[in-house]
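Inspection log for the structure reproduced underneath, given as structure tokens.
Just so it is clear, none of the values below were taken in a lab; they were calculated from the coordinates. Note that this is a predicted model, so its numbers are computed, not measured. Every residue, glycine as well, gets a Cβ built from its backbone with ideal geometry; the counts of neighbours run over all protein chains shown.
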Amino acid sequence: MGLFSRKSDPPLGALPTAPLPQPAAPPQPLAGELPCSAKGCSNTTGVACSYVDRRNRRCRTAWCPEHQFLVNGKCYCRRHANTVDAVGDQEHTTYGFAMPDLSNRAPSLVRWVANDITDRVEEILERYRTPGEQYRRERVHAVRSVDGSVRWEVTWQLFDHTGSRVRISIEVRESSPTTLSARVGQLIVYSETPPWILHRERNEEMVPETDVRERDMFYDMLLKAVEEHLKDSDEPY
Ligand SMILES: [Zn+2]
Ligand SMILES: [Zn+2]
């Protein structure tokens, strides 16, 4: 129970949100001399992405002031801004066992999806919440299994003084970094590769409207699977 500090947990409906890092806004964009890596951008005022992984490899992208993402005053590409925001940077890592590999998309993907669906997960939990229960959303964090494998997850839960009652989480395993799974309690109720990743793997160009529609459908299916399980089960989760 030490994890839960009831006094500091905000009531449902007044939750702190964790927005995605936004492209840097004035007054402190960083300007350099590298060609920008953004598709179609011809600026040569790019600054290198600051990400360095546990094997001391650097990200090879650079971003102009219009396309860069700043975290703690440093320039990152979108993926690594998400990674650093999830796990901290080299000096302030909350990962516990060195920075994820350069190509590790798991923390970024989990964080991205969590932010997209968090309002809807809150709505679901609100319906299942009993009087006196608190709500909590955890940040993206790594969980190491007994077999040594690592998964990245975000958890939403309802709990009271006896502990967690309803627990919904999404996760991506490092060994299967394109598969997003959802759990209710310990049970995996959904596991799929998101459509935008399938398109990227096939090098398919996406129309933005189609992309949005497919994302919505993906989230609908994921949340439907979660709710079906909540409805069907009388057990605590
Ligand atoms: Zn640019
Ligand atoms: Zn990067």
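The separation of the stretch 104-154 from the stretch 215-230, counted between C-alpha centres, amounts to 14 Å.
Candidate cross-link partners of Lys224 among the aspartates and glutamates, defined by an alpha-carbon separation under 16 Å and a same-chain spacing of 8 or more, comprise Asp116, Asp119, Glu122, Glu123, Glu126, Glu192, Glu214, Asp216, Asp232. Highest mean packing first, where packing is the average number of other Cβ atoms within 10 Å per residue, the peptides 180-191, 144-155, 63-74 line up as 63-74, 180-191, 144-155. Around the amide H of Thr61, modelled in the peptide plane, lie the amide H atoms of Cys49, all under 5 Å away and 5 or more residues distant in sequence or on another chain.
The fraction of all Cα pairs in the stretch 105-232 landing in successive 10 Å bins from 0 to the largest distance is 12, 42, 33, 11, 2, 0, given as whole percents.
Close amide-amide hydrogen proximity is noted between Met99 and Arg54, each under 5 Å apart and 5 or more residues distant or on a separate chain (H modeled in the peptide plane; Pro and chain starts excluded). Remark: the Arg54-Asp116 segment gains 19.5 nm on full extension, using 0.36 nm per residue and subtracting the alpha carbon distance. The protection proxy used here, the mean number of other Cβ atoms lying within 10 Å of each residue, ranks peptides 76-88, 38-50 as follows, highest first: 76-88, 38-50.
Residue-wise HN-Hα couplings along the stretch 145-159, as the Karplus relation 6.51 cos²θ - 1.76 cosθ + 1.60 with θ = phi - 60° gives them from phi, are 7, 4, 7, x, 6, 10, 10, 10, 9, 10, 10, 10, 8, 10, 8 Hz; Gly and Pro carry x.
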